[in-house]
1. Enter the Cα centre distance for the pair the range 70-101 and the range 17-65, rounded to the nearest angstrom.
2. As a test of reading the structure, rank 85, 39, 59 by solvent-accessible area (1.4 Å probe, protein chains only), most first.
3. For the chain, with only Lys/Arg (+1) and Asp/Glu (-1) charged at the beta-carbon, what is the dipole magnitude about the Cα centre, in debye rounded to 20?
4. Roughly what % antiparallel, to the nearest 5, for the DSSP beta bridges in the range 1-98?
5. Under a Cβ-Cβ cut-off of 15 Å, what is the net charge of the residues other than residue 83 that fall near it, where Lys and Arg count +1 and Asp and Glu count -1?
6. Under the Kirkwood approximation applied to all pairs of distinct alpha-carbon atoms, what is the hydrodynamic radius of the chain in Å?
7. Pop out the carbon and sulfur fraction of the accessible area of the range 17-97 as a percent, whole number, probe 1.4 Å.
8. Ordering 28, 65, 93 from largest to smallest accessible area (1.4 angstrom probe), what's the sequence?
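The values are calculated or read from the model by the stated rules, or taken from the named source; none is laboratory data. This structure is a prediction, so every number in the text was calculated from the model and none was measured. FYI the Cβ positions are ideal-geometry reconstructions off the backbone, even for glycines, and counts take in every protein chain you see. Protein only, heavy atoms only, side chains kept; ligands, DNA and RNA dropped before computing areas. Shrake-Rupley method; radii C 1.70, N 1.55, O 1.52, S 1.80 Å.
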Amino acid sequence: SSPHEIGFQTFGKVFANDLAKTAVANNKTTFPEGSIFVRERFLKEEDSAPETVTAMVKREKGFSKKTNDWEFFTFIGADLKLQKRETKSDCSKCHSQAKETDFVFKTYLK
């Protein structure tokens, strides 16, 4: 299921590198190359290991016009096995709804 599925409650922690944090702090609507966001998704609040970890990395200009140069990753389980790496599938389809904020859902960043 989608990590953002309406009605499906999960718990998460969101991390950002300094480039991404600075853009968020300055209320920017675009993020610089090298920005990274990582979200750990837990099924229960008391879980010690995430069920999935998702990440987005802002690549060099021209990397992916469709995703405004973001690349998306999904890792599964405690061993963080890479499940998906993409620019043209589920993650990008969903994140395209946040084009005004450079494909970043800022509700997670509060």
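1. The range 70-101 and the range 17-65 have Cα centres spaced 10 Å from each other.
2. Reading off the accessible areas and sorting them downward yields 85, 59, 39.
3. Approximately 400 debye in magnitude.
4. Bridges in the range 1-98 that DSSP calls antiparallel: roughly 100 percent.
5. -1
6. Taking the inverse mean of 1/r over all distinct Cα pairs, the chain comes out at 14.4 Å.
7. Its accessible area is 50 percent carbon and sulfur atoms.
8. 65, 93, 28
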